[in-house]
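Chemist: Once you've had a glance at the structure underneath, I'll fire off some questions.
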Amino acid sequence: MARLIIASKNAHKVEEIEAALKDAKIDLDVLSLADLPELPDVVEDGQTFLENASKKAEAIAAVYPDDYILADDSGLVIPSLNGEPGVYSARYAGDHDDVANNQKVLKKMAGLQAIDREAFFTTVMVVAGKGRSNLEAAGRVDGFITEDWDGRESFGYDPIFYYAPAEKTFAEMTMDEKNAVSHRGRALKEMIAKLPTWLAE
């Protein structure tokens, strides 16, 4: 059976992708970076989410040329901040510090009206390997940046990202509610739809 290496050690992400493949009856043996500790970290220094996802997928494909590699890159984009934090979302305030990142966004947006508080999360996924041209998919979810933070601890920018259809922030939503509308979920859905044709080429 062909192998798909997911360029992540995040167990939840791996489970989500495995479940989606199974539901779509796509027969691939799934591994993650947790199964391959010898792989070096790939420096994500691209200027776009697509560049970063492609770089990760292609770097691992160079080490495992007989396998398919799925990599993704995600982030928060705020048009009124010229697209920040963008590809620097994880380390916007320096280190990987969610609290500091959220505080930096709120500080930079202090006093902005609702129309200037529009934002979106985006995920770009890339599958590479076996000498094929890369397969790409993307997902996006639109929302607004709140004016303050209720102190709720959560993942990434979820505490300050307000999703209007649910009338709550991503941090206030259940995991199932969030997964149903998330940017990563939408990118994965598009990728799963494209994958069988790409694999058959």
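The values are calculated or read from the model by the stated rules, or taken from the named source; none is laboratory data. This one's a predicted model, so the numbers in the text were calculated from it and none came from an experiment. Cβ sites come from the backbone with ideal geometry, for glycine too, and all protein chains shown count toward neighbours.
Chemist: Working carefully through the options E118, E153, find the one that is surrounded by fewer than 19 Cβ atoms within 10 Å (Cβ to Cβ) and modelled with pLDDT of 95 or more. Steps first, please.
Modeler: Working: E153 fails: modelled with pLDDT of 95 or more.
It is E118.
Chemist: Being without any contact (Cβ under 8 Å) to a residue 60 or more places away in the chain and loosely packed, with under 13 Cβ neighbours inside 10 Å is the filter here, so list the residues in the stretch 49-70 that pass it.
Modeler: Within the stretch 49-70, just A62 meets the criteria.
Chemist: Sticking with this one: Taking K22 as the residue in question, decide whether it is part of a helix (DSSP H, G or I), at pLDDT 90 or above and of a type in the set (K, R). I'd like the intermediate steps shown before the answer.
Modeler: On the way: part of a helix (DSSP H, G or I): yes; at pLDDT 90 or above: yes; of a type in the set (K, R): yes.
Answer is yes for this residue.
Chemist: Also: In this structure, does L188 turn out to be over 20 Å from P85 (Cα atoms) and within 16 Å of the chain's Cα centre (by Cα)?
Modeler: Details: over 20 Å from P85 (Cα atoms): yes; within 16 Å of the chain's Cα centre (by Cα): yes.
Criteria met by L188.
Chemist: Counting just the residues of the stretch 65-122 that are in a helix (DSSP H, G or I) and of a type in the set (S, T, Y), which one comes out farthest from F144 (Cα to Cα)?
Modeler: Within the stretch 65-122, the match that is farthest from F144 (Cα to Cα) is Y88.
Chemist: So A34 ticks every box in (1) in contact (Cβ under 8 Å) with a residue 60 or more places away in the chain; (2) farther than 30 Å from I115 by Cα but one. Which box is left unticked?
Modeler: Here A34 clears every test but (1).
Chemist: Any residue that is surrounded by fewer than 17 Cβ atoms within 10 Å (Cβ to Cβ), over 21 Å from the mean Cα position of the chain (by Cα) and over 14 Å from D158 (Cα atoms) - is there at least one of those in the stretch 74-94?
Modeler: Yes, the stretch 74-94 has at least one match.
Chemist: Just to be sure I understand, how many residues within the stretch 124-134 are surrounded by fewer than 17 Cβ atoms within 10 Å (Cβ to Cβ) and in contact (Cβ under 8 Å) with a residue 12 or more places away in the chain? Full working, then the answer.
Modeler: Our first condition is that a residue be surrounded by fewer than 17 Cβ atoms within 10 Å (Cβ to Cβ); within the stretch 124-134, this holds for 130-133.
Now narrow it down to the ones that are in contact (Cβ under 8 Å) with a residue 12 or more places away in the chain: 130-132.
Result for the stretch 124-134: 3.
Chemist: Those residues that are assigned to a helix (DSSP H, G or I) and buried (at least 19 other Cβ atoms within 10 Å of the Cβ), I need them from the stretch 167-187; list them, please.
Modeler: Taking the stretch 167-187 and keeping what is assigned to a helix (DSSP H, G or I), we get 170-172, 175-181, 183-187.
Listed by number, the residues that qualify are F170, A171, K178, H183, R184, R186, A187.
Chemist: Taking interchain pairs and intrachain pairs at least six residues apart, which have beta carbon atoms under 7 angstrom, with the first residue in the stretch 135-160 and over 14 Å from Q103 (Cβ atoms) and without any contact (Cβ under 8 Å) to a residue 40 or more places away in the chain and the second among the hydrophobic types (A, V, I, L, M, F, W, C) and part of a strand (DSSP E or B)?
Modeler: D142/F120; G143/A119; G143/F120; G143/F161; F144/A119
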